[in-house]
Amino acid sequence: MPLIHVQQTPGKTAEQKAELVRELTDAYVKATGSKPESVWVTVQEIGTDSWSIGGDTLAARAAKR
């Protein structure tokens, strides 16, 4: 059973996330011939104060702009 795990910052609507999981499922099914019901997708939202690039959190980077 494949698992597609998406990590992103918060801010997308429930509708956007639903579309994302539909599109990811469809793409996996198209590429592999798997059945849609066998594809699991999770969306994990990570706060900008818990995600960093180059030693700065995304929150700190946004504050500098």
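Condition test on Gln44, is it polar (S, T, N, Q) and open to solvent by 50 Å² or more (accessible area, probe 1.4 Å)? So Gln44 passes the test. Looking across segment 47-61, just one residue is exposed (fewer than 11 other Cβ atoms within 10 Å of the Cβ) and among the hydrophobic types (A, V, I, L, M, F, W, C), and that is Ile53. If only residues of segment 1-22 that are under 29 Å from Ala59 (Cα atoms) and part of a helix (DSSP H, G or I) are counted, the one that is most open to solvent (accessible area, probe 1.4 Å) is Glu15. Within segment 51-63, is there a residue that is in a loop (DSSP other than H, G, I, E, B) and of a type in the set (Val, Ile, Thr)? No, that holds for no residue.
Cβ-Cβ distances below 7 Å connect the following pairs, each with a first residue in segment 36-54 that is over 28 Å from Asp26 (Cβ atoms), a second residue that is open to solvent by 80 Å² or more (accessible area, probe 1.4 Å), and a separation of six or more residues or different chains: Ile53/Arg61.
Of the residues making up segment 23-41, those that are open to solvent by 40 Å² or more (accessible area, probe 1.4 Å) and either among the small types (Gly, Ala, Ser) or touching a Phe, Trp or Tyr at 6+ places or on another chain (Cβ under 6 Å) (or both) number 3.
The values are calculated or read from the model by the stated rules, or taken from the named source; none is laboratory data. None of the values given here were measured: they were computed from a predicted structure. Note: ideal-geometry Cβ built from the backbone for every residue, glycine included; neighbour counts use all protein chains shown. What goes into the accessible areas is simple: the full protein's heavy atoms, side chains included, and nothing from ligands, DNA or RNA. Shrake-Rupley method; radii C 1.70, N 1.55, O 1.52, S 1.80 Å.
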